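Visitor: Got a structure for you, written out below as structure tokens; questions coming shortly.
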Amino acid sequence: MPHRRRRCREHRVSTLHCSTKSVADARVGRLDLDCVVLTSLLSRQLLLMLHPVPGTETSDRLSRLHLLISGGVSSSPP
């Protein structure tokens, strides 16, 4: 496994910011998400990361959506 750790440390990644995305969900309302794309110089893979926009209700709405989808079971510790 040491060769994997070294390879991960040496793997260069670039970040690109894309515009804020808004999604309308009928159950919880509008979700405003900041978008970041990570690109690798060694492969053609992309990783799209979406985070709640600070100062919006999106984080709370995502929590409610999670509870709705999971049947009210929270996966986070009490």
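The values are calculated or read from the model by the stated rules, or taken from the named source; none is laboratory data. What you are looking at is a predicted structure, and each value in this text was computed from that prediction instead of being measured. Cβ placement follows ideal geometry from the backbone for every residue including glycine, while neighbour counts extend to all protein chains displayed. When the accessible area is computed, the model is the full protein with side chains, heavy atoms only, and any ligands, DNA or RNA have been set aside. Shrake-Rupley method; radii C 1.70, N 1.55, O 1.52, S 1.80 Å.
Visitor: Can you confirm whether the stretch 23-46 contains a residue that is out of contact with any strand residue (DSSP E or B) (no Cβ under 8 Å at 6 or more places or on another chain), over 30 Å from residue 60 (Cβ atoms), modelled with pLDDT under 90 and open to solvent by less than 100 Å² (accessible area, probe 1.4 Å)?
Guide: yes
Visitor: Go through the stretch 49-72 and report how many residues are surrounded by fewer than 11 Cβ atoms within 10 Å (Cβ to Cβ) and within 20 Å of residue 18 (Cα to Cα).
Guide: First, the residues of the stretch 49-72 that are surrounded by fewer than 11 Cβ atoms within 10 Å (Cβ to Cβ): 54-55, 69-72.
Subset that is within 20 Å of residue 18 (Cα to Cα): 54-55.
Number satisfying all stated conditions: 2.
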